[in-house]
């Protein structure tokens, strides 16, 4: 639009240079031309303002889509863990059921052997033994033996009955676990589909947002605004962070910190980002959904969506040291949470309008960005 306005101005100047009308006619013509130029500029400014409004709306839509992605990704992560826990419980219940069945079989074999023994010795008529007066001592010993066996059989039968009740209870629990597992798998499938749908909507939204940004020639200002927002946010966090938690900082771990996720460095600290803007951190290329770990003990002081950086989580490590993790798919910790070195705090994503998945990682000391390469282990 601006290019067409420039051509329009050039054309007017050429026409004016060849004009041979009286001075008053030239004055009228000039006023008319000025009026047309002013109207054209107003129209161009109005179109630019409308485009900026569209961009603001698209950014809000992007935030909503990425919120949906984060919620579904977190729910999917929880569902996966629930499935894992339920399968472990199911395996434990199955082992218990197998053990009880083995006990049942052993008890049944013992009873069968006793019944067989009693049958084999059935030639000794119980009534005859009672009437036998020739060897009373032997009769008493035999009767005592029979009484002992009968009592033992009754106890074993009662034990078998109790065992069968216990087996039935375990089998019932096992069936309930199986039903719960089926429901969890259905939920996992539903969550996964919701995540895919939200990612598709986000992709379409990003394409539209990129087209709008390109058409307004405001990409540099957009990035500078994002940079300013991030610096301002970190400065505010530096002032407002909780002083009551004792944290030892990162100085003693310099050069020995683990990277927050596995991947290659797509952009390095200090590289030129755009005109007048350098990278204040690093961008690590990683698969979407990969785990993001805290580099050291600390407390979460920020966990929210930030324009240009998507879902961002900031951890305060004490002594003026802070670490920032951006463009994540979802956040797994909240403000105020205490985290230890290696704790999973987020998942890698594409939030903030990124075309490819990756993690933006930044280290700051007393508000000043420092090169993470000098603080983390060699990749």
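The values are calculated or read from the model by the stated rules, or taken from the named source; none is laboratory data. From a predicted model like this one, the values you see are computed outputs, not experimental measurements. We place every Cβ from the backbone using ideal geometry, glycine too, and count neighbours over all the protein chains shown.
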| query | When the range 165-191 is examined, which residues are found to be within 21 Å of the chain's Cα centre (by Cα), in contact (Cβ under 8 Å) with a residue 60 or more places away in the chain and exposed (fewer than 15 other Cβ atoms within 10 Å of the Cβ)? | reply | 185
| said: Considering only the range 52-67, I want to know if a residue exists there that is surrounded by 13 or more Cβ atoms within 10 Å (Cβ to Cβ) and modelled with pLDDT under 65. | reply: no
| remark: Per the list (1) buried (at least 17 other Cβ atoms within 10 Å of the Cβ); (2) closer than 27 Å to residue 64 by Cα, residue check on residue 257 breaks on (2)
| query | When you go through (1) at pLDDT 95 or above; (2) outside any strand (DSSP E or B) one by one for residue 302, which number turns out not to apply? | reply | (2)
| request: Check off (1) more than 15 Å from residue 291 (Cβ to Cβ); (2) assigned to a strand (DSSP E or B); (3) in contact with a helix residue (DSSP H, G or I) (Cβ under 8 Å, 6 or more places away or on another chain) for residue 361 and give me the number that stays unchecked. | output: (1)
